[in-house]
Amino acid sequence: MKKKFLCRLAAGLALLLMLSFLLLGVSRLDAGYADAGEAQLEEALRRASVACYATEGRYPPSLAYLTEHYGVQVDEARYTVFYEVVAENWMPEITVLEKNV
């Protein structure tokens with residue numbers, strides 16, 4: 001009887017341990033996807049800026065101009081975009097950060 005109890009207890013603990021590892025793995029995957037989303041948005045903004053420069057001979061004057069004329073969509077509820085223009089012929093500084101939601 002005591003042996004059955006110990007076997008069931010060991011099986012239950014093993015199950016809890018496996019579930020905790022599974023949850024840890026899922027949370028790490030989610031963090032990885034968030035980083036990928038930031039990088040993809042930043043890359044899309046950079047490519048659209050270069051397309052604007054190639055088409056119009058100047059970089060976009062603002063993020064609003066870039067989204068309006070070049071179709072880049074920013075999920076403002078999820079990301080904060082810092083878009084700093086130095087000059088018309090210099091690539092703007094673009095930084096994308098995920099908001100803590």
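The values are calculated or read from the model by the stated rules, or taken from the named source; none is laboratory data. Everything quoted here is computed from the prediction, not taken from an experiment. Virtual Cβ from ideal backbone geometry, glycine too; neighbours counted across all protein chains shown.
Let's see how each residue does on (1) surrounded by 10 or more Cβ atoms within 10 Å (Cβ to Cβ); (2) at pLDDT 70 or above; (3) out of contact with any Ser or Thr (no Cβ under 7 Å at 6 or more places or on another chain); (4) among the polar types (S, T, N, Q):
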| residue | (1), (2), (3), (4) |
| --- | --- |
| Lys2 | no, yes, yes, no |
| Gly12 | yes, yes, yes, no |
| Leu15 | yes, no, yes, no |
| Leu41 | yes, yes, yes, no |
* Structure fact -> Of (1) at pLDDT 95 or above; (2) surrounded by 16 or more Cβ atoms within 10 Å (Cβ to Cβ); (3) assigned to a helix (DSSP H, G or I), Thr67 satisfies every one except (1)
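Could you count how many residues in region 17-39 are closer than 30 Å to Tyr70 by Cα and either at pLDDT below 75 or hydroxyl-bearing (Ser, Thr, Tyr) (or both)?
Kept after step one, since they are closer than 30 Å to Tyr70 by Cα, are these residues of region 17-39: 30-39.
Narrowing the set further to residues that are either at pLDDT below 75 or hydroxyl-bearing (Ser, Thr, Tyr) (or both) leaves 30-35.
So the answer is 6.
Are any residues in region 86-101 under 14 Å from the mean Cα position of the chain (by Cα) and either free of Cβ contacts under 8 Å to residues at least 24 places away in the same chain or in a strand (DSSP E or B) (or both), and if so, which ones?
Within region 86-101, the first condition is being under 14 Å from the mean Cα position of the chain (by Cα), and the residues that meet it are 95-101.
Matches in region 86-101: Thr95, Val96, Leu97, Glu98, Lys99, Asn100.
It is to be established whether one or more residues within region 32-51 are assigned to a loop (DSSP other than H, G, I, E, B) and over 20 Å from the mean Cα position of the chain (by Cα).
Our first condition is that a residue be assigned to a loop (DSSP other than H, G, I, E, B); within region 32-51, this holds for none.
Scanning region 32-51 turns up no residue that is assigned to a loop (DSSP other than H, G, I, E, B) and over 20 Å from the mean Cα position of the chain (by Cα).
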* **Neighbours by Cβ (under 7 Å, 6+ apart or cross-chain): first from region 55-77, on the phi < 0 side of the Ramachandran plot; second small (Gly, Ala, Ser) and surrounded by 11 or more Cβ atoms within 10 Å (Cβ to Cβ)** => Tyr59/Ser49; Pro60/Ser49; Leu66/Ala48; Leu66/Ser49; Tyr70/Ala48; Tyr70/Ala51; Val72/Ala44; Val72/Ala48
